[in-house]
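The values are calculated or read from the model by the stated rules, or taken from the named source; none is laboratory data. Note that the structure is a prediction, hence the values are computed from the model and not measured. Virtual Cβ from ideal backbone geometry, glycine too; neighbours counted across all protein chains shown. Just the protein is used for accessible areas: all its heavy atoms, side chains included, with ligands, DNA and RNA removed. Shrake-Rupley method; radii C 1.70, N 1.55, O 1.52, S 1.80 Å.
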Amino acid sequence: MKNLIISAIGSDHTGIVSKLSGIINTHGGNIEESRMTILGADFVVIMLVSLDEKWKESLLVTLQSIKELVINTKNTTSKSLMKGDRCNIELNGADNEGIINVLANYLAEKSMNIHDMDTHVSNAPITGTPLFNLKAIIEIPQNYDIMEMKTDLNKIGKKLGVEINVYHL
């Protein structure tokens, strides 16, 4: 079995998931993981698909025939297990530029890998002030001092005017 990442972007309308999953299914593919969302007025999906090598070329040709979507594919290998511990990070507070960049730079400097991240902006209940919300799962090196990370992220949160919480999984 081959593993393939498929990403697709296009104007949101009913039936996109049905069409994509139907094409993958008729080519003997199995959607192992996926993320789907609407960003702005567009629908965005990314999938990890496994399929027999003999169906790959036919699947790629059929996917490219969907003119209303921009589709990209990439071969990948099967999932490797995480080597370190995992933590959840939750960040909430005033929306301002650079929050993701500051957090991502800190994590990279400490050799921590972002496994999954979800962000969105919501409005504060009374004032309507834009609030930035982030949830992430990260992989930390084995034997890393989680209390040190919590202290560092607390300092970063204060500078950014946000609250950052870390939960060990």
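Among the residues of the stretch 127-136, are any closer than 30 Å to Leu4 by Cβ, in contact with a Leu (Cβ under 6 Å, 6 or more places away or on another chain) and surrounded by 15 or more Cβ atoms within 10 Å (Cβ to Cβ)? Full working, then the answer.
Residues of the stretch 127-136 that are closer than 30 Å to Leu4 by Cβ, as a first pass: 134-136.
Pick out the ones that are also in contact with a Leu (Cβ under 6 Å, 6 or more places away or on another chain) and you get 134.
Applying the additional criterion that residues be surrounded by 15 or more Cβ atoms within 10 Å (Cβ to Cβ) yields 134.
Checking the stretch 127-136: at least one residue is closer than 30 Å to Leu4 by Cβ, in contact with a Leu (Cβ under 6 Å, 6 or more places away or on another chain) and surrounded by 15 or more Cβ atoms within 10 Å (Cβ to Cβ).
For the stretch 1-51, give me each residue that is in contact with a Leu (Cβ under 8 Å, 6 or more places away or on another chain), within 20 Å of Thr119 (Cβ to Cβ) and either open to solvent by less than 80 Å² (accessible area, probe 1.4 Å) or not β-branched (Val, Ile, Thr) (or both).
Within the stretch 1-51, Glu33, Ser34, Val45 qualify.
Gly157: touching a Gly at 6+ places or on another chain (Cβ under 6 Å), more than 23 Å from Gly10 (Cα to Cα) and open to solvent by less than 60 Å² (accessible area, probe 1.4 Å), yes or no? Show your work before the answer.
Values: touching a Gly at 6+ places or on another chain (Cβ under 6 Å): no; more than 23 Å from Gly10 (Cα to Cα): yes; open to solvent by less than 60 Å² (accessible area, probe 1.4 Å): yes.
Considered against the rule, which asks whether it is touching a Gly at 6+ places or on another chain (Cβ under 6 Å), more than 23 Å from Gly10 (Cα to Cα) and open to solvent by less than 60 Å² (accessible area, probe 1.4 Å), Gly157 comes out as no.
Considering the stretch 27-57 alone, what residues qualify as being in contact (Cβ under 8 Å) with a residue 12 or more places away in the chain and assigned to a helix (DSSP H, G or I)?
Hits for the stretch 27-57 are Glu53, Trp55, Lys56.
Taking the stretch 93-121, which residues are open to solvent by 40 Å² or more (accessible area, probe 1.4 Å) and in contact with a strand residue (DSSP E or B) (Cβ under 6 Å, 6 or more places away or on another chain)?
Correct list: Asp95, Asn113, Ile114, His115, Asp116, Met117, Asp118, Thr119, His120, Val121.
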